[in-house]
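This report refers to the structure that appears directly beneath it.
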Amino acid sequence: MLNFIQSTMKFGIIKERKNPPDKRVVFSPEKLKEFKTKFPQAEIVVESSDIRVFKDEEYAAAGFEVTNDLTDCDVLLGVKEVPVDNLIPNKKYFFFSHTIKKQPYNRKLLQAMLAKNIEMYDHETIIKANGARLIGFGRYAGLVGAYNGIRAIGLKEGSFALPKVETLADLDEVKSELDKIQLPNIKILLSGTGKVAKGAQEILDHLPIKQVSDALYLTSKFTEPVYCLVDVMEYAKRKDGKVGDKFEFYKDPTGYESNFMPYAKETDFFIAGHFYGDGAPYLFTREDVKSSDFNIKYVADISCDVDGPVATTLRASTIADPIYGYDAISESEVDYKDDNAIVVMAVDNLPCELPKDASEGFGDMFLDHVIPAFYNNDKDGILERAKMTTDTGELTERYLYLQDYVEGNDNYALH
């Protein structure tokens, strides 16, 4: 067990420096006050930032020092990748490093953290003993993704006009905009059962759209909008015809194939909120999209695996330009307003559109699950499991599989 007890530990909230700018933060001023109340022995400072959703003045008013110098902090808390030149040696860092799947574009970042003797704790590696993620922005990705997909329907059909989420103050405003619209009589399919899917479901339930069983969804026509929630055992099946098992699938999905086309035949709007694992079958291929049985006209791909299980996702789109069209015959991007275009929304940083709510929700989870580990000798193993690199410039045992990636010896990246 790692010993994290120190008489005083100094935490720094870092400025986000990645482009495009990200307004999110690990702790809001209010949540930081709660942190200090629960753990009065903690020292906390906030790095000055001109892009954060909460202003420097709000942190100062909450009683925290705002500074440009974090060199005397022990633990530095951020959201997105820290540029290599801004990494301070010999610190504990928390942020999304996007390295655990051997992402080629962040190899230099992991190399730099090792060279600078940084202890790295990736938000994605903060998990329970059973591997379940403890913190993340999934709910907000689901909320914004579902809204954006509905907004795209209005733009394509010319039937209603929803404002962009980034122009709205918070989730309450998002929901009040939805109260003003009437959806056409469509069938909506939502994949997944995690935080992303639950966030999307929150939007569908708010509208309110009736949820129906998959048996009813696949066999009936309706006179009002409906949605169906499907998990992996509905849209994938065993190749040998035996009954599938979800946990077996998660361990090894290679014996499975897609069972998505019966749903594609009955669906107008597909919201992809599932987690896609290595080796799992694609939900639908480009050939599937050419089929006369493929009737999906709108796709909100919140999972956003480019060239992956959702074949219409040719690229990630942006908050500035969130929608594009997919032409099934040419397998290429077209104007989403073209008559034959499938409308695709595939923004890969959706929670950035709702930075205030997303930050507040993230801070709740971080204070519940992570901060106590610094003061209870990590009794639940949270920090031990999450720690990727050591203060002596080595990968921890759990992350030794990244060694070839660090050395540049691997000739592939995991998807």
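The values are calculated or read from the model by the stated rules, or taken from the named source; none is laboratory data. Everything quoted here is computed from the prediction, not taken from an experiment. Glycine gets a Cβ as well: all are built from the backbone with ideal geometry, and neighbour counts include every protein chain shown. Only protein heavy atoms, including side chains, enter the accessible area calculation; ligands, DNA and RNA are left aside. Shrake-Rupley method; radii C 1.70, N 1.55, O 1.52, S 1.80 Å.
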Only one of ALA320, ALA272 that is aliphatic (A, V, I, L, M) and either in contact with a Pro (Cβ under 8 Å, 6 or more places away or on another chain) or touching a residue at least 60 places away in the same chain (Cβ under 8 Å) (or both)
ALA272
Assess whether ILE188 counts as being out of contact with any helix residue (DSSP H, G or I) (no Cβ under 9 Å at 6 or more places or on another chain) and closer than 23 Å to ALA341 by Cα.
no
Given (1) surrounded by fewer than 17 Cβ atoms within 10 Å (Cβ to Cβ); (2) modelled with pLDDT under 95, identify the lone condition not met by GLY381.
(2)
Would you point out which residue out of SER359, SER317, SER330 is surrounded by fewer than 18 Cβ atoms within 10 Å (Cβ to Cβ) and out of contact with any helix residue (DSSP H, G or I) (no Cβ under 7 Å at 6 or more places or on another chain)?
SER330
Is there a residue in segment 125-144 that is of a type in the set (Gly, Ala, Ser), free of Cβ contacts under 8 Å to residues at least 60 places away in the same chain, out of contact with any Gly (no Cβ under 6 Å at 6 or more places or on another chain) and more than 30 Å from ASP69 (Cα to Cα)?
yes
Among the residues of segment 303-314, how many are in contact with a strand residue (DSSP E or B) (Cβ under 6 Å, 6 or more places away or on another chain) and crowded, with 19+ Cβ neighbours inside 10 Å?
5
What helices (runs of 4 or more DSSP H) lie completely within segment 190-275 and have 3 or more residues being more than 25 Å from the chain's Cα centre (by Cα) and surrounded by fewer than 17 Cβ atoms within 10 Å (Cβ to Cβ)?
214-219, 261-266
Determine, yes or no, whether ASP410 is part of a loop (DSSP other than H, G, I, E, B), at pLDDT below 95 and among the acidic types (Asp, Glu).
yes
Among the residues of segment 278-290, is there at least one that is farther than 14 Å from PHE260 by Cα, modelled with pLDDT under 95 and open to solvent by 20 Å² or more (accessible area, probe 1.4 Å)?
yes
Selection within segment 145-165 - in contact (Cβ under 8 Å) with a residue 24 or more places away in the chain and open to solvent by 40 Å² or more (accessible area, probe 1.4 Å):
LEU155, LYS156, GLU157, SER159, LYS164
Being of a type outside the set (Lys, Arg), farther than 27 Å from PRO225 by Cα, touching a Pro at 6+ places or on another chain (Cβ under 7 Å) and not in a loop (DSSP other than H, G, I, E, B) narrows it down to one of ALA373, ALA358, ALA280, so name that one.
ALA358
